[in-house]
Amino acid sequence: MTDFFLKRLSFNIVANDFTVAGKSSSAIKNFLKSMGLEASVVRRIAIISYEAEINIVIHSYGGKLHCDLYEDKITIISEDTGPGIANIDLALTEGYSTAPESVRELGFGAGMGLPNMKNYSDDFEIKSSSEGTFIKISVFV
Ligand SMILES: Nc1ncnc2c1ncn2[C@@H]1O[C@H](COP(=O)(O)OP(=O)(O)O)[C@@H](O)[C@H]1O
Ligand SMILES: [Mg+2]
């Protein structure tokens, strides 16, 4: 029963809505904290889910963020509709960002989101096409 599924939390993420950006990842963080998970695991998931959420807001047409709790891991799934990532290797490069100036003025667009998501994960999977982007990240508890 190593990957026994316990619970899913799901959130709709609206593109370009900076008034609520970060709320879903914050709810995930608070829930995991209330479950009594180890602080380092909560912190890693908080960073991963925040960066995934902000990327949907900034770079996609909208999508969903899921947090799946298993007996032995927490999985974050980010799925959105277009425009997708043309070059995933480039997108994973530290400092690479296509965020427009208007978004940089709000303090986003450092190009560290995807590299950090990968660094803080135990398992990292990304698929993208012009239809959208799918990211699945696991942290073992
Ligand atoms: N969900 C997404 N949909 C489309 N493009 C994305 C998505 N997430 C990331 N990207 C692309 O990958 C680049 C790098 O992402 P990231 O490292 O989070 O940096 P930043 O968000 O600061 O630009 C983005 O600038 C964007 O071009
Ligand atoms: Mg980002």
Net length gained if the chain between R104 and F31 were fully extended (0.36 nm per residue, minus Cα distance): 23.3 nm
Mean projection of the alpha-carbon convex hull of segment 5-140 over all orientations, in nm²? 7.5
Excluding S10 itself, what net charge comes from residues whose Cβ is under 12 Å from its Cβ, given Lys and Arg +1 and Asp and Glu -1? +1
Contact order normalised by residue count of the chain, Cα under 8 Å, 6+ apart, percent: 27
Here FRET efficiency (C-beta to C-beta, N16 to E71, R₀ 41 Å, nearest 0.05) is 0.65
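Values in this text are rule-based calculations from the coordinates and carry no lab data. These numbers were taken from a predicted model, which means no experiment stands behind them. Positions of Cβ are backbone-derived with ideal geometry, glycine not excepted, and every protein chain shown enters the neighbour counts.
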